[in-house]
1. For the peptides 51-57, 31-37, what is the packing order when you average, over each peptide's residues, the other Cβ atoms within 10 Å and list the highest mean first?
2. Near the amide H of residue 113, under 5 Å away, which other amide H atoms are found, from residues 5 or more places off or on another chain, if H is placed in the peptide plane?
3. Pull out the extension gain between residue 254 and residue 50, defined as 0.36 nm times the separation in residues minus the alpha carbon to alpha carbon distance; nm, one decimal.
4. Going by amide H atoms built from the backbone, whose H comes under 5 Å of the H on residue 208, apart from near neighbours?
5. Please order 25, 232 by the number of other Cβ within 10 Å, starting at the fewest.
6. At a Cα cut-off below 14 Å, give the aspartates and glutamates reachable from residue 57, other chains included and same-chain residues fewer than 8 away excluded.
7. I need the phi-derived Karplus couplings for the range 22-36: 6.51 cos²θ - 1.76 cosθ + 1.60, θ = phi - 60°, integer Hz, Gly and Pro marked x.
8. Working out 0.36 nm times the residue gap between residue 236 and residue 270, then minus their Cα-Cα distance, what length gain in nm do you get to one decimal?
Amino acid sequence: MSASNILITGGAGFIGSHLADLFLSRDCKVVVMDNLLTGDIRNIEHLFGNPRFQFIKHDVTEFIHVPCKVDAILHFASPASPIDYQEFPIQTLKVGSLGTHKALGLAKACGAKFLLASTSEVYGDPLVHPQPESYWGNVNPIGVRGVYDEAKRFAEAMTLAYHRSHGVDTRIVRIFNTYGPRMRLNDGRALPNFICQALTEQPLTVFGDGSQTRSFCHVSDLIEGIYRLLDSDFTEPVNLGNPVEISINEFAREVIRATGSSSDIQFKDLPEDDPKVRQPDISLAKKVLNWSPKLSLKEGLSSTIPYFEKTLRERGGEAVASTAG
Ligand code: UDP
């Protein structure tokens with residue numbers, strides 16, 4: 001890796017903290033910047049004491065100053081679960097717009113590479129299936145998900161504008177549903193809800209009739225793809241995700257099997273603008289990064305469930321207090 005001083009915004013979050021681990025394990029210096037709105041200091045506390053690691057508590061929508069050399073900025077700051085970005089709609093819009101602008105400004109000033117964490121949500125409720133990067137999406141700009149979707153679409157536009165106008169060396173990753181240790185147990189997403197419900201023998205809350213689909217990627221696969229993307233010279237957006245598609249009903253049954261739970265399934269109303277299908281076309285990532293995910297859902301779940309068991313034991317009610325249902 002030519003870039004050895006890495007700044008990760010949102011680095012105390014689920015994916016950001018795994019990236020901090022990965023870059024440190026590959027001999028880089030890492031600065032994590034996070035305002036801890038949805039991030040959690042416990043995700044990075046094992047790194048305190050590492051001389052190549054530094055944490056700065058800061059809201060990236062304000063001017064960013066980093067007191068050291070920066071070779072690459074990974075911009076991961078943002079609420080990212082539907083429950084979170086509906087609870088913090090204005091912060092979500094601000095971090096995607098103002099925060100991306102500030103982070104790009106820093107990249108330009110330092111001559112650093114810039115990698116934007118974008119999302120499959122740029123495709124909205126897709127009318128093309130699976131979704132290739134060439135699809136422009138089907139987004140409701142004023143719906144409840146619009147705050148996230150439009151912020152990320154703006155962030156992509158801003159990133160490419162800095163690339164074209166200022167010559168900043170940019171990358172854009174479109175991240176599909178990802179799971180693994182350090183997800184917040186109460187972030188409201190299907191996987192943490194289902195695992196917590198299964199482990200506590202409560203019914204699994206399937207929204208709608210459960211026929212909507214998603215494709216779940218383990219975080220260890222995702223971060224390897226992000227590392228390769230940063231190391232490549234590819235400036236167009238790249239999808240990263242696991243292309244194995246599963247209905248939410250089947251996913252709930254898979255979680256019940258994997259946890260050995262006796263929970264059953266309870267159907268609830270489908271949230272507004274909930275995408276009916278989602279599956280990444282990863283041909284581009286295979287071609288330009290020689291990347292594809294390695295872990296099956298079964299393997300990924302068995303490495304994730306122990307984290308949830310441990311966290312439930314340690315944090316109990318606090319961890320699941322606001323689990324959506
Ligand atoms: N979902 C569900 N039960 C839950 C939480 C989510 O059935 O307790 C559904 C949700 O409506 C969506 C899918 O699971 O269709 C994935 O939702 P998630 O919040 O994980 O993220 P999304 O992929 O929608 O961004």
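1. Per-residue Cβ counts within 10 Å, averaged per peptide and sorted highest first, yield 31-37, 51-57.
2. Counting only residues 5 or more places away or on other chains, the set is 72, 73.
3. That pair, residue 254 and residue 50, stretches by 69.6 nm at full extension.
4. The list, which skips near neighbours in sequence, is 268, 269, 270.
5. Sorted ascending by nearby Cβ count, the order is 25, 232.
6. Candidates past the 8-residue exclusion: 34, 40, 45.
7. 5, 5, 5, 5, 10, 6, 8, 9, 10, 10, 9, 10, 7, 9, 6
8. So the extension gain works out to 8.9 nm.
Where a number appears in this text, it was derived from the coordinates with a stated rule and is not lab data. Everything numeric in this text was worked out from a predicted model, so none of it was measured. With ideal geometry, Cβ positions are generated from the backbone for all residues, glycine too; neighbour counts draw on all protein chains shown.
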